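Student: Got a structure for you, written out below as structure tokens; questions coming shortly.
The values are calculated or read from the model by the stated rules, or taken from the named source; none is laboratory data. Keep in mind the model is a prediction, meaning the values are calculated, not measured. Please note: Cβ atoms are built from the backbone with ideal geometry, for glycine as well, and neighbour counts cover all protein chains shown. Side chains included, ligands, DNA and RNA excluded: accessible areas come from the protein's heavy atoms. Shrake-Rupley method; radii C 1.70, N 1.55, O 1.52, S 1.80 Å.
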Amino acid sequence: MSTINHVLVTGGAGYIGSHTVVELIEAGNKVTVVDNLSRSEYKIIEGIETITGTKIDFHKMDCLDAEALHKLFSQNKFSSVIHFAAFKSVNESVAKPLSYYKNNVGSLIVLLDVMKTHDVKDLIFSSSCTVYGQPDQIPVDESAPFKKAESPYGSTKQVCEQILEEVATEGFRVVSLRYFNPIGAHPSALIGELPIGVPNNLVPYVTQTAAEVRKALTIFGNDYNTSDGSCVRDFIHVSDVAGAHVKAIDYVNKQSKSFYEAFNLGTGIGVSVLELVKKFMAVTGIRLNYSIGPRRPGDVEKVYANPEKIHKAFGWQTKYDLGQSLLHAWEWEKKLRDI
Ligand code: NAD
Ligand code: WQD
């Protein structure tokens, strides 16, 4: 059983945030959620309440709104903050870089300033494997250098990590978690991912194709230097990602001094896009309509984590395999579409 903390979760109505709120509550923590619902829906909060049997202390609030955050921090004594709130679409960030810098970097700066004022020093930050670009060595470990970001979105994560590393010296205890490719949904199918418009990400596209919302899936390239020519990624169940945040809070609690550390959060297993599609068909029994198309600009060929650092430091391991992750994603899609 973890220590009882009062954790502020920003972006807690979103995909990874909502699953993390469930894990935090199930581990005995008190949770307050802040989200402006710009990229999510209130029904996810209701889903969390059904899963946990707990009324969620939810505040519809923008993390750029320093005044509102100050008020919330004055009314509560938070022990730590998990900062998920950000925009995450690579494509949209290319079209609207300023709004990405403003929201992703701006909200972090506002939050740090409010935390400092109220003497809340513990922060878990959502970073991304995108900070590595195409690493020279795979599996990639945390010592790999940042390559030039492929998109303004990726750049915001690099900038945020740099800010955190420097600001930590002002007394903060900070962990950045570099997520690889979170997929799936809560096993209850009461919460999951809510992609906006046509999904860019592979698994929502797969499940929407299976649900006949999309006609066919295009596999972006089969001429990469990989076993079957399609790209290789590290797909990890979102509840496993969520569980690592509970461990991260325990880890931060154990540190006596201010520090900054980044951890890979992946399975350590590289899976190709074609392998994932075949696994989806095997576990669901659905014949997916797919074809091979050209490469997608900006895609890295192959990336998967070396998760040794997080295994050792947090005592964390994944619980779900690829088949379970895909099955849970499909159960969630069916629930959304009433199939
Ligand atoms: P999401 O879009 O589902 O959730 C983000 C949540 O933050 C949404 O509910 C949105 O309404 C909220 N939000 C955005 N800006 C806000 C603001 N200014 N104030 C208050 N709320 C705000 O995304 P997600 O997949 O859950 O991602 C969570 C975090 O993890 C993000 O920081 C994202 O960049 C990072 N990340 C995601 C992935 C992934 O593949 N999903 C991978 C690596 C890193
Ligand atoms: C996975 C693979 C595609 C859709 C992105 C962000 C990254 C991180 C996670 C936030 C690739 C292929 C996809 C499709 C396909 N997010 N694909 N057909 O690009 O690894 O990572 O999400 O931090 O920053 O860049 O994930 O799911 O988009 O793609 O063939 O219709 O699936 O080419 O090889 P990606 P993805």
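Student: What do you reckon, is N253 open to solvent by 10 Å² or more (accessible area, probe 1.4 Å) and more than 23 Å from L108 (Cβ to Cβ)?
Tutor: When the stated conditions are applied, N253 does not pass them.
Student: With the requirement that a residue be part of a strand (DSSP E or B) and open to solvent by less than 40 Å² (accessible area, probe 1.4 Å), what does the range 283-339 give you?
Tutor: G293, A305
Student: A further question on this structure: Would you mind telling me which numbered condition in (1) part of a helix (DSSP H, G or I); (2) within 24 Å of D122 (Cα to Cα); (3) within 16 Å of ligand 1 (Cβ to nearest atom) A13 fails?
Tutor: (1)
Student: Just one of (1) more than 12 Å from ligand 1 (Cβ to nearest atom); (2) among the charged types (D, E, K, R); (3) open to solvent by 70 Å² or more (accessible area, probe 1.4 Å); (4) farther than 29 Å from N306 by Cβ trips up E49, so point out which.
Tutor: Status for E49: all satisfied but (3).
Student: Separate question: When the range 144-198 is examined, which residues are found to be free of Cβ contacts under 8 Å to residues at least 60 places away in the same chain, away from ligand 2 (no atom under 11 Å from the Cβ) and basic (K, R)?
Tutor: The answer is K147, K148.
Student: Which one of V203, V238 is near ligand 2 (Cβ under 9 Å from one of its atoms), at pLDDT 95 or above and surrounded by 22 or more Cβ atoms within 10 Å (Cβ to Cβ)?
Tutor: When all the criteria are applied, what remains is V203.
Student: Among the residues of the range 206-216 satisfying the criterion of being open to solvent by 50 Å² or more (accessible area, probe 1.4 Å) and not acidic (D, E), which is farthest from ligand 1 (Cβ to nearest atom)?
Tutor: Per the criteria, the residue is K215.
Student: Spot the failing condition for H59; the list is (1) open to solvent by less than 30 Å² (accessible area, probe 1.4 Å); (2) free of Cβ contacts under 8 Å to residues at least 60 places away in the same chain; (3) within 20 Å of V110 (Cα to Cα), and only one is missed.
Tutor: (1)
Student: Filter the helices (runs of 4 or more DSSP H) completely within the range 90-185 down to those with at least 2 residues that are surrounded by 21 or more Cβ atoms within 10 Å (Cβ to Cβ) and out of contact with any Pro (no Cβ under 8 Å at 6 or more places or on another chain).
Tutor: Because the criterion is at least 2 residues that are surrounded by 21 or more Cβ atoms within 10 Å (Cβ to Cβ) and out of contact with any Pro (no Cβ under 8 Å at 6 or more places or on another chain), the helices (runs of 4 or more DSSP H) in the range 90-185 that meet it are 106-117, 152-167.
Student: Does I269 satisfy the condition of being aliphatic (A, V, I, L, M), part of a loop (DSSP other than H, G, I, E, B) and under 23 Å from G221 (Cβ atoms)?
Tutor: Yes, satisfied.
Student: For the range 113-134, how many residues meet the condition of being within 16 Å of ligand 2 (Cβ to nearest atom) and touching an Asp or Glu at 6+ places or on another chain (Cβ under 9 Å)?
Tutor: So the count comes out to 7.
Student: What pairs come up if the first residue lies in the range 99-111 and is under 16 Å from V81 (Cβ atoms), the second is open to solvent by 20 Å² or more (accessible area, probe 1.4 Å) and part of a helix (DSSP H, G or I), and their beta carbons are under 8 Å apart, counting only those six or more places apart or on different chains?
Tutor: Pairs that qualify, where the first residue is under 16 Å from V81 (Cβ atoms) and the partner is open to solvent by 20 Å² or more (accessible area, probe 1.4 Å) and part of a helix (DSSP H, G or I), are N104/Y153; L108/I163; I109/I163; V110/A66.
Student: Can you pull out the residues in the range 211-239 that are part of a strand (DSSP E or B) and polar (S, T, N, Q)?
Tutor: T218
Student: Mind telling me which of the residues K71, K121, K77 ends up being modelled with pLDDT of 95 or more, in contact with a Gly (Cβ under 8 Å, 6 or more places away or on another chain) and more than 30 Å from P204 (Cβ to Cβ)?
Tutor: None of the other options fit; the residue is K121.
Student: Among the residues of the range 240-266, what is the count of those that are out of contact with any Pro (no Cβ under 6 Å at 6 or more places or on another chain), in a strand (DSSP E or B) and not acidic (D, E)?
Tutor: 5
Student: While we're on this one: Being in a strand (DSSP E or B) and β-branched (V, I, T): is that true of I82 here?
Tutor: yes
Student: Now, a different point. In this structure, is G221 near ligand 2 (Cβ under 9 Å from one of its atoms) and in contact (Cβ under 8 Å) with a residue 60 or more places away in the chain?
Tutor: In short, yes.
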